[in-house]
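Here's the structure we're looking at; comments come further down.
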Amino acid sequence: MKVATALPAESSGTSPANVVTLPFGLIGFPNHKRMEVVYLPEQLPFLWMRLDGPTALHFVVIEPGNFMTDYEPEVFDEDAVALGIKGPEDALVLNIVYVQPGKPLEATVNLVGPVIINRHTGVGKQVVLANHGRFSAHYPLLGQIATPSAAQA
């Protein structure tokens, strides 16, 4: 996972609807129990995931529908129960993007360990998918993301 050192300066404030509780933290960051999803229109389809905890952490994330049409994550029953998710419509899926310093054209996305958020309760958890063998933790993004102008054409 790539951890950014700071959010862009223009990202001041988020709506309370963007606050997510992480009872289990993230994989590797168990003490980060709260996050905000920050939306900056000029950076779409990318979002920021700002974690509160012992140290502030920031990740770039993306919804999988923006770059992959055949991504069908299967969540283990225990994870669905822990999140109170009864069906796909209840879940918001965010995948963490990794950008190597100095190599933005080699950005990858973790499809194996998404952050799943219950849209109704605002409770989230990073999970390892039940069907993780179908996906890569280093899926290349170059050429995968549809631009807004291409989607409207």
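Every read-out reported here was derived from the displayed coordinates using simple, explicitly stated rules and does not represent laboratory data. From a predicted model like this one, the values you see are computed outputs, not experimental measurements. Because the Cβ atoms are built from the backbone with ideal geometry, glycine has one as well, and the counts that use them run over all protein chains shown.
See the values below:
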| read-out | value |
| --- | --- |
| Checking Pro23 against (1) surrounded by 12 or more Cβ atoms within 10 Å (Cβ to Cβ); (2) in contact with a helix residue (DSSP H, G or I) (Cβ under 9 Å, 6 or more places away or on another chain), the condition it does not meet | (1) |
| Where Pro104 falls short, out of the listed (1) assigned to a helix (DSSP H, G or I); (2) over 17 Å from the mean Cα position of the chain (by Cα) | (1) |
| Count of the stretch 131-143 residues which are loosely packed, with under 14 Cβ neighbours inside 10 Å and either small (Gly, Ala, Ser) or part of a loop (DSSP other than H, G, I, E, B) (or both) | 6 |
| Number of the condition not met by Arg134 [criteria: (1) among the basic types (Lys, Arg); (2) within 14 Å of the chain's Cα centre (by Cα); (3) more than 22 Å from Thr21 (Cα to Cα)] | (2) |
| First in the stretch 45-56 and in a strand (DSSP E or B), second anywhere and surrounded by fewer than 20 Cβ atoms within 10 Å (Cβ to Cβ) and of a type in the set (Phe, Trp, Tyr), Cβ under 6 Å, 6 or more apart | Leu47/Tyr39 |
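Yes/no per residue for (1) touching a residue at least 12 places away in the same chain (Cβ under 8 Å); (2) out of contact with any Pro (no Cβ under 6 Å at 6 or more places or on another chain); (3) surrounded by fewer than 14 Cβ atoms within 10 Å (Cβ to Cβ); (4) part of a strand (DSSP E or B):
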| residue | (1), (2), (3), (4) |
| --- | --- |
| Glu36 | yes, yes, no, yes |
| Val60 | yes, yes, no, yes |
| Thr69 | no, yes, yes, no |
| Glu74 | yes, yes, yes, no |
| Lys86 | no, yes, yes, no |
| Leu92 | yes, yes, no, yes |
| Val97 | yes, yes, no, yes |
